[in-house]
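Have a look at the structure below before the remarks.
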Amino acid sequence: MEIKDLAGISEPLKRLIEVISEGAGAISHPYLIRKNADAKAYEIRVISQAMAESHALLGGMEYEDGKIKILPESQESSEQLSLPNRTENRRKYQELRKQQNIESICANSAELLIGESQVAEDKPESDWINRFFEIAENISAEELQYIWGKILAGEIQKPGSFSFRTLETLKNMSRQEAENFCKLGQYVFQTSNMAFYVNPEEYLFKQENTLGFAEIFALKDAGVVADSDLLQFSFNPSSAGTTSQIFYGSLILFFEREKDTPKITSRVGALTKAGVELLKLVPIQPDIEYVKFIAQHLHADGMKVAWAPVVKTEGDLIYTGDKTYLESM
C-alpha cells in the first residue's frame, strides 16, 4: 500500500501503516483489521499463495487457526533433500513464522487504534521502529503478541513512551513473568516521580491468588522491580491547607491537611523506569480495600484522606468525580 492510497483511513491507522512500511515493508490495510471478513479472506489468500510457492521446499503443510504447521515428511523424501535444500527448508519456515508474528502484532495494534481519531504530530524514531520489529518478529505467544501490539499502538500515539531499555526488558520476560507483573500492577501507586507498592508483607502477601517472595524476586531479576531492599516513601512536613495526591489506576487519592502535619513515611517497593513504562499497558482494577488500607497507613492527625475517580485529563488538568472520605466509610 502506498501513501497515496491511504485516503479515508483514520490518522492513527495511517501512521501505523507508515511505521510498518518503514520497519517491516508494505502491508495491506485490510489485513490490519483482522476482525473484518475481508481481512480474513485476504489472509487466507496470502497464506495459500505462500504455501503453494514454498511447497517444493517445505513439503506438506497445514494452515489452521492462524498457524502454519509443517507436516512430517516421509523418510524417502527426507533422504532426497540435500543439505542446501534442508537449510533452505529451515530458512523459509523461519521467515514465514517471523512474518506471521509481525502481522499478528500489527493487527493487535490496529484494533487498539481503530477507534482513535488523533495522533501525535511526530512519528516514532527510525531507530526505535527498527529495534521494535527486530524483536517483534520473534514473538510467537499470543498473549505476548497482544502486549507488543499495545507497545506499538502506545508509541504511535505518544512517541517516546517506551525506551530501548524497556523493549529489551520486555523481550527477555517470560509469559509467567509478564502475568506476575500484571498482578503486581494491581497494587502499584504513582506520584509524579515514583511508582511503588506498600510493603508486600503488610497487604499483598495476605491476599489470595497474588504473589509471594519468589515472584517478587523474579520480577527484580527481570528488571521491572527495583533490585534493592524496601525504600522509603514519604510526605514531607506540610502546612495547613496543602494537599498531596497519589494515583491508583483510575482513582486519585487526596491527602488534605487541615493543620500542620509532620513528615509521614512508609516502607515501599518501587518499579524501575522500564517497570513504570510497562505499567501503562496494565489495566488496573482498583481494590477499594487496598485504597482504605493505604489511606489509613498514610493518615496522620490533622489530615483528611479521600479518593475520587478520574473522569478525564486534558494536558496537566485532571477532572475527577465526587470524593469519598475515609471517615465516611
Prolate/oblate/rounded label for region 206-267 (Cα gyration tensor, a/c 1.5): prolate
Calculated log₁₀ intensity ratio I(q)/I(0) where the Debye formula runs over C-alpha points of region 145-238, q = 0.11, 0.25 Å⁻¹: -0.39, -1.44
Amide hydrogen neighbours beyond the local backbone of residue 303, cut-off 5 Å, H modeled: 258
Inter-probe distance in nm under a simple model that places probes 7 Å from Cα toward Cβ, at residue 289 and residue 83: 6.5 nm
Alpha carbon centroid spacing (whole Å) that separates region 85-142 from region 150-216: 23 Å
Distant-in-sequence amide H partners of residue 251 (H built 1.01 Å from N, under 5 Å): 310
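What length, rounded to one decimal in nm, is gained on full extension from residue 273 through to residue 199, with 0.36 nm per residue of separation minus their alpha-carbon distance?
Extra length available between residue 273 and residue 199 comes to 24.7 nm.
Just in region 272-329: which trypsin sites (Lys or Arg not before Pro) are loop by DSSP and have at most 14 other Cβ atoms within 10 Å?
Values: sites: 273, 280, 292, 304, 312, 323; in loops: 280, 323.
Sparse-neighbourhood loop trypsin sites (Lys or Arg not before Pro): 280.
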Accessible area (Å², 1.4 Å probe, nearest 10) - residue 210: 30 Å²
Karplus-derived HN-Hα couplings along region 119-135 (A = 6.51, B = -1.76, C = 1.60, θ = phi - 60°), whole Hz, x at Gly and Pro: 9, 4, 5, 9, 9, x, 5, 4, 5, 5, 4, 4, 5, 4, 6, 4, 7
Cut-off under 5 Å, modelled amide H: who pairs with residue 320 long-range: 311
Rounded if a/c under 1.5, otherwise prolate or oblate - region 251-290, Cα gyration tensor axes: prolate
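Could you sort out which of 150/292; 171/312; 158/263; 98/183; 183/273; 98/273 sit more than 27 Å apart by Cα distance in this structure? Kindly include the intermediate steps, with their values, before the conclusion.
Working: 150/292 31 Å; 171/312 32 Å; 158/263 36 Å; 98/183 30 Å; 183/273 18 Å; 98/273 29 Å.
Pairs exceeding the cut-off: 150/292; 171/312; 158/263; 98/183; 98/273.
The values are calculated or read from the model by the stated rules, or taken from the named source; none is laboratory data. Remember, it's a predicted structure, so these values are computed and weren't measured experimentally. As a convention, Cβ positions derive from the backbone with ideal geometry for all residues, glycine included, and neighbour counts pool all protein chains shown. The accessibility values were calculated without ligands, DNA or RNA, using every heavy atom of the protein model including side chains. Shrake-Rupley method; radii C 1.70, N 1.55, O 1.52, S 1.80 Å.
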